[in-house]
1. Going through the range 649-687 one residue at a time, which ones are modelled with pLDDT of 90 or more and surrounded by fewer than 21 Cβ atoms within 10 Å (Cβ to Cβ)?
2. Hey, among GLU547, GLU529, which residue is touching a residue at least 24 places away in the same chain (Cβ under 8 Å) and open to solvent by 40 Å² or more (accessible area, probe 1.4 Å)?
3. Check whether at least one residue in the range 352-363 is among the aromatic types (Phe, Trp, Tyr), touching a Phe, Trp or Tyr at 6+ places or on another chain (Cβ under 7 Å) and either assigned to a strand (DSSP E or B) or open to solvent by less than 50 Å² (accessible area, probe 1.4 Å) (or both), and report yes or no.
4. Just name the residue that is farthest from the chain's Cα centre (by Cα) out of those in the range 416-432 that are at pLDDT 85 or above and open to solvent by 10 Å² or more (accessible area, probe 1.4 Å).
5. Taking ALA33 as meeting all but one of (1) in contact with a Ser or Thr (Cβ under 7 Å, 6 or more places away or on another chain); (2) at pLDDT 85 or above; (3) closer than 27 Å to ALA329 by Cα, write down the number of the exception.
6. Only one of (1) touching a helix residue (DSSP H, G or I) at 6+ places or on another chain (Cβ under 6 Å); (2) modelled with pLDDT under 85; (3) open to solvent by 10 Å² or more (accessible area, probe 1.4 Å) is not met by MET45, so which one is it?
7. Name the residue that is surrounded by the fewest Cβ atoms within 10 Å (Cβ to Cβ), counting only residues in the range 585-602 that are out of contact with any Lys or Arg (no Cβ under 7 Å at 6 or more places or on another chain) and at pLDDT 90 or above.
8. So which residues in the range 317-334 are of a type in the set (Ser, Thr, Tyr) and surrounded by fewer than 22 Cβ atoms within 10 Å (Cβ to Cβ)?
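The values are calculated or read from the model by the stated rules, or taken from the named source; none is laboratory data. The structure displayed is predicted, hence computed values, not measured ones. A quick note on method: Cβ atoms are made from the backbone with ideal geometry, for glycine too, and the neighbour counts reach across all protein chains shown. For accessibility, only protein heavy atoms count, side chains too; no ligands or nucleic acids. Shrake-Rupley method; radii C 1.70, N 1.55, O 1.52, S 1.80 Å.
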Amino acid sequence: MSKIRDIHTGNTSQELIIEGASCASCVGKIETALKNIEGVENAEMNFALSTVLVTGQVEADRLIKTIEAAGYQAKSTNQSSDEQLLIARETVDQEYYSRLIKQVWIALGLGVPLMIYSLVGGPMTVDTTLERGIWLVIGLLCAAIMYFAGKHFYIGAWHSFVNHSANMDTLIALGTGTAWLYSMLVVFFPMLFPEMARHVYFEATAMIIGLINLGLALEAKARGRTSDAIKRLIGLQAKTARVVRDKQEVDIPIKQVQLNDIVRVRPGEKIPVDGVVTQGQSSIDESMLTGEPMPVAKTVADKVAAGTLNKSGSILFKATRVGKDTALAQIIKMVKRAQNSKPPIGRLADVISAYFVPAIMITAVVSALVWLNFGPDPALAFAVVSATTVLIIACPCALGLATPMSVMVGVGKAAEAGVLIRNGEALQTASKITVMILDKTGTITQGAPQVTDLLIADKAYTEHYILTVAASLESNSEHPLGAAIVESAVERGLELARVSDFQAIAGQGVTAKLNQHQLLFGNQKLMLENSIDLNDYLDKAQQLASEAKTPMYLAIDNKLAAIISVSDPLKVDSVSAIKRLQANGIRVVMLTGDNRATANAVAKQVGIKEVYAEVLPEEKSRKVAELQAQGEIVGMTGDGINDAPALALANVGFAIGTGTDVAIESADITLMRGSLHGLADAIAISKATLRNIKQNLFGAFVYNIAGVPFAAGLLYPFFGILLNPVIAGAAMALSSLTVVSNANRLRLFKPQEH
């Protein structure tokens with residue numbers, strides 16, 4: 001059993017492996033039983049994985065007893081790591097698959113010869129004493145098959161009956177049990193039946209059990225592939241780390257790495273835990289976590305994340321997050337949670353399945369009564385066949401698998417693309433987004449202002465001198481634009497000087513003295529209030545502003561010396577990503593706190609026509625509400641902190657973050673790489689997943705609903721055809737396999753970047 005601490009509620013989440021759940025009805029029954037326990041906040045079962053995630057303060061033993069009382073088995077593992085939990089579940093799956101295959105051989109070992117005998121014209125009737133003896137032996141063998149190969153169906157049906165419910169096991173048990181019981185009555189009391197009705201259906205019972213077990217086995221094998229995303233993420237985790245202890249480098253198990261340990265990573269090795277580089281430089285391949293193909297240069301003070309690959313240089317870094325706190329561990333937890341969650345469309349399937357099984361049982365009874373009262377001879381035999389076929393063909397296995405299989409593959413596919421989807425509801429809603437709101441700084445732009453232009457107004461000064469003076473002034477300021485100037489000077493190796501009489505003037509700039517020279521550095525208003533003649537440089541400054549650059553004037557001794565412009569450059573692919581969103585019919589809106597001129601300039605560059613500038617955080621959330629009131633499905637994209645109110649209110653909140661950011665937990669969907677293509681990828685994967693779910697649900701519903709009339713005998717009055725229960729069993733098994741295969745098609749889906 002895996003225990004993790006829920007960040008938001010403080011509750012403990014426990015994951016249990018379930019045995020014996022066979023359809024969507026079982027899922028509903030297990031979840032309801034667990035939710036009724038005092039202390040359980042929520043319970044979400046993943047039918048495709050046969051696991052249930054329970055949130056709340058409840059002991060595992062009590063959860064297991066509750067599940068057993070509902071008629072199922074639950075297993076826990078005392079290992080706490082994701083890898084060991086996955087191994088435990090795979091072991092259970094393998095044992096389940098092996099057991100099913102053994103049961104298939106047992107059932108088909110009798111069923112196939114009987115079926116062949118029937119097809120070549122062998123009599124399946126009881127007329128003589130010898131035939132009674134032969135069929136009695138076969139009937140007893142069939143009973144043994146029902147016990148050794150089909151016992152789980154009958155036990156499941158009994159538990160459902162005791163709990164006043166019905167599920168797939170109920171239908172199979174009733175169908176096969178009716179066929180066997182009728183056949184045994186014919187063997188023991190042939191004289192009670194008309195001569196035409198002395199037909200036995202032992203081959204149907206054996207074949208149905210064999211075919212359904214075969215379908216379950218193939219389904220189990222195929223659905224194992226859906227957890228590949230989790231396996232790959234777990235596979236990224238390093239097994240050991242090389243740490244510096246007592247001035248010696250020693251290899252230790254990853255679990256023994258402690259906070260603030262100094263870790264050595266050589267070329268070609270995985271980063272074992274999250275940390276900050278303290279020595280050396282390298283390029284790190286972060287594609288496994290972010291989907292970004294190009295390696296990222298790392299040097300002193302840069303962050304590194306567990307699971308990424310060191311490509312070139314040897315580095316030392318200080319461990320800042322270890323164990324369950326690393327970004328990779330958080331990502332694995334989020335993906336697992338999302339795969340366990342249900343989108344609204346999946347809950348609809350659960351509700352329908354709760355009524356579906358009883359409805360089918362009633363249909364089977366009505367079908368049998370119609371045959372008994374209005375059917376030709378042998379009416380009783382026809383009634384048994386039609387009721388059995390209806391029960392078997394309507395088993396809702398495919399219905400239960402339709403949604404979770406697609407969600408698992410879709411969420412895993414998104415994780416591979418660096419998109420972390422928090423829950424099934426966000427996965428579904430993202431496909432319906434009509435308006436996407438984008439913050440500007442750090443979302444459309446890089447969020448790191450840079451010096452772009454330096455215009456000399458007084459030829460007495462050089463660029464180096466101007467930049468030195470401006471950086472010396474701004475070294476005392478906390479303004480982000482000033483930080484960009486200081487950074488530019490440091491990069492050029494310039495030595496900053498100490499200024500005196502420093503004063504910051506709100507909304508205008510700063511003043512100070514340097515070597516007896518009076519300095520003014522700020523906007524146009526600061527210059528005009530100090531009677532600085534801007535000459536023809538005013539037009540040049542306005543031109544810079546129209547290019548989304550912020551011009552700042554430097555005056556030395558009351559004379560304009562230079563203009564330095566700072567800009568937050570666009571991300572290289574913002575334009576193409578926004579065009580991609582617009583091409584999908586999504587209305588893109590920019591919402592920013594920056595000044596109107598800069599916002600309009602950036603919007604023009606990226607092709608956004610709807611801009612709201614100089615907006616405060618609380619006004620952003622009001623804009624989201626306003627759009628929602630117009631009937632729009634709103635997606636909000638921001639950094640997950642400054643835009644928190646708007647992110648929370650939006651139908652889907654997208655956080656632009658990195659693997660080491662708290663933003664992973666702050667939005668419905670987190671984009672691990674900074675590119676806005678992640679938005680389009682998330683929406684494309686959401687649409688593909690929802691389309692896949694609809695295909696699965698349509699196939700399952702249509703199969704069950706359309707198959708029932710034919711099973712009941714609709715074709716008989718017109719063509720003299722009555723569907724064989726064996727064919728129904730094969731079709732039912734095939735439908736589940738089809739749903740699993742269709743869900744796995746999502747693995748091949750690739751969002752197209754234009």
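1. Selection gives LYS687 alone.
2. Details: GLU529 fails: touching a residue at least 24 places away in the same chain (Cβ under 8 Å).
After ruling out the rest, the residue left standing is GLU547.
3. Checked the range 352-363: no residue is among the aromatic types (Phe, Trp, Tyr), touching a Phe, Trp or Tyr at 6+ places or on another chain (Cβ under 7 Å) and either assigned to a strand (DSSP E or B) or open to solvent by less than 50 Å² (accessible area, probe 1.4 Å) (or both).
4. The extreme case among them is LYS432.
5. Among (1) in contact with a Ser or Thr (Cβ under 7 Å, 6 or more places away or on another chain); (2) at pLDDT 85 or above; (3) closer than 27 Å to ALA329 by Cα, the lone unmet condition for ALA33 is (3).
6. (3)
7. GLY585
8. THR320
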